[in-house]
Amino acid sequence: MSIKKVLVLGASGDQGLPLLDALQAAGFETTAGVRRGDALKETRHAGLATAHADILDEESLVRAFDGRDALAMHLPFEFDRARAAGFGARIGAAARRAGLRKIVFNTSCFVANEDLGLSAHDGRRDIERSIEASGADYVVIRPVVFMDNMIRVWSKPSIVNNGVFAYPAKDTLKINWICLEDVAAYMASALGRDELRAEKILVGGPEALVGAEVAERLSAAAGRTIRFQSLTPDEFASKMSLLVTGSPDVAPHGIYDRMAQFYRWYNGQPTSPLSLDLAPVLAKLPIAPTPLLAWARRQDWSRV
């Protein structure tokens, strides 16, 4: 393994912390790129080395990347495509100037091989293009849908209080749900495999499940009946708006409408884009992906 020193962008977030775990377990010399020096203070990685890195400031990125072999990152979910493209342009330019040898990017969502007319999705593709242009080897990890969405404030209360797993997926939409720890494991594996030099890999968990099958596994983990409720994307957007703003009204082309656009697209495809054959993935990135039931049994379903 030629990669030793890795800088992590997004280290203090819920996707970054398991990534730090995975990188350290794999033996990488890991530094967190942070805007605030105390960003990790209240986390299990409080003692980790940090470097100032701001994705809005190319010079800070050059300094943070200097002396490192590789960058591992996830980035804010951005619905302004031009702003997302700016993130990628600065990171790519800084990587080139600092001489980074490898970049592993977690897109944090499904990304297709073509633009879809969805601003957040297409902005991710712009970031990918900047990574390709950086001159560094790269692996783009494209996860489908996170298991951890089920324990978010917009999902878990319904499961705990009402016994209902409500999600904007049609009844027949198959999803290879993936946990954040597995995304981190895929990223660490990608950094450790020198032969992976220009890859875009859609990753998921070991099972392609429809909503009712997810509910069965949640029921087994919680020890009581959980049923699946298929929300329309518009219902989902309205519930999100109500939760955050206090109003169920969704502005056209606003953030909640744009979130719903993803699921309108997923639900509208003749074959689920969120269902995949893991065999070719595991040939490149040999990890042991976590079944949903095993993940669910690690969660506390007794309280929100």
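Every number in this text was worked out from the coordinates using simple rules, so none of it is lab data. This structure is a prediction, so every number in the text was calculated from the model and none was measured. Because the Cβ atoms are built from the backbone with ideal geometry, glycine has one as well, and the counts that use them run over all protein chains shown.
Label points 7 Å out from Cα along the Cβ direction at Glu199 and Glu114: separation in nm?
Placing both labels 7 Å beyond Cα along the Cβ direction yields 2.6 nm.
Quick one: the Cα spread of the range 194-304 along its three principal axes, in angstroms, biggest first?
Principal axes ranked by extent give 50, 39, 27 Å for the Cα atoms.
According to a simple spin-label model (label point 7 Å from Cα along Cα-to-Cβ), what is the distance in nm between Asp171 and Leu242?
2.3
Sort the following peptides by mean Cβ neighbour count (other Cβ atoms within 10 Å, averaged over residues), highest first: 161-174, 128-141.
On the way: 161-174: 17.2, 128-141: 20.3.
Per-residue Cβ counts within 10 Å, averaged per peptide and sorted highest first, yield 128-141, 161-174.
Please report the net charge: other residues with Cβ closer than 13 Å to the Cβ of Thr290, K and R +1, D and E -1.
Details: positive: Arg217, Arg297, Arg298; negative: Asp148, Glu181, Asp182, Glu207.
In short, -1.
As a quick test, which of the pairs Lys4/Lys200; Lys174/Lys284; Lys5/Lys284; Lys102/Lys156; Lys41/Lys284 have an alpha carbon distance above 31 angstrom in this structure?
Details: Lys4/Lys200 22 Å; Lys174/Lys284 23 Å; Lys5/Lys284 22 Å; Lys102/Lys156 37 Å; Lys41/Lys284 35 Å.
Beyond 31 Å: Lys102/Lys156; Lys41/Lys284.
For the chain, report the translational diffusion coefficient in µm²/s to the nearest whole number, using Stokes-Einstein at 4 °C, 1.567 mPa s, and a Kirkwood Rh over Cα pairs. Numbers along the way, then the final one.
Values: Rh = 20.0 Å.
Roughly 65 µm²/s, to the nearest whole number.
Could you pull the Cα extents of the range 96-240 along its three principal axes, largest to smallest, in whole Å?
Answer, in whole Å and largest first: 54, 32, 25 Å.
Work out which helices of the chain, taken as complete DSSP H runs, extend at least 15 Å along their axis over the Cα atoms and score a mean Kyte-Doolittle of -1.0 or more, then list them. Walk me through the numbers before you get to the answer.
On the way: long enough: 81-98 (26 Å, -0.11); 119-133 (21 Å, -1.34); 180-192 (18 Å, 0.88); 211-222 (16 Å, 0.36); 233-245 (17 Å, 0.27); 255-268 (20 Å, -0.98).
What comes out of the filter, once short or polar helices are dropped, is 81-98, 180-192, 211-222, 233-245, 255-268.
At most 15 other Cβ atoms within 10 Å and a DSSP loop assignment: could you name the GluC sites (Glu not before Pro) in the range 35-70 that fit?
Details: sites: Glu42, Glu58, Glu59; in loops: Glu42.
Of the GluC sites (Glu not before Pro), the ones in loops of the range 35-70 whose Cβ has at most 15 other Cβ atoms within 10 Å are Glu42.
Could you give the length gained on full extension between Ala288 and Ala49, defined as 0.36 nm per residue of separation minus the Cα-Cα distance, in nm?
Taking 0.36 nm per residue and subtracting the Cα distance, the gain is 83.1 nm.
What is the distance in Å between the Cα centroid of the range 1-76 and that of the range 157-225?
Cα centroid to Cα centroid, the span is 25 Å.
For the range 131-241, what is the relative contact order in percent, using Cα pairs closer than 8 Å and at least 6 residues apart in sequence?
Details: 161 pairs, mean separation 41.2, N = 111.
Averaging sequence separation for qualifying contacts and normalising by length gives 37 percent for the range 131-241.
Mind checking the full-extension length gain between Arg152 and Thr232? Use 0.36 nm per residue of separation minus the Cα-Cα distance, one decimal, nm.
Working: separation 80, 0.36 × 80 = 28.80 nm, distance 1.86 nm.
Computed gain between Arg152 and Thr232 is 26.9 nm.
Using packing as a proxy for protection, rank 184-196, 268-280, 28-40 so that the peptide with the highest average count of other Cβ atoms within 10 Å comes first.
Details: 184-196: 21.2, 268-280: 13.1, 28-40: 18.1.
In decreasing order of mean packing, 184-196, 268-280, 28-40 become 184-196, 28-40, 268-280.
What are the residues whose amide H is under 5 Å from the amide H of Arg227, where those residues sit 5 or more places off or on another chain and H is modelled from the backbone?
The list, which skips near neighbours in sequence, is Val164, Phe165.
Can you tell me which of 98-107, 223-232 comes out highest on packing, and rank the rest after it, using the mean Cβ neighbours within 10 Å?
Values: 98-107: 22.4, 223-232: 15.0.
Ranking, from highest mean packing down: 98-107, 223-232.
Arg298 versus Thr225, label points 7 Å from Cα toward the beta carbon: distance in nm?
Roughly 3.0 nm, to one decimal.
Considering the convex hull of the alpha carbon atoms of the range 23-155, report its projected area averaged over all viewing directions, in nm², one decimal.
On the way: hull surface 36.2 nm².
The directionally averaged projection comes out at 9.0 nm².
Where does the charge balance sit around Val183 when Lys and Arg score +1, Asp and Glu -1, over other residues with C-beta under 13 Å from its C-beta?
Values: positive: Arg142; negative: Asp14, Asp21, Asp148, Glu181, Asp182.
Charge balance near Val183 sits at -4.
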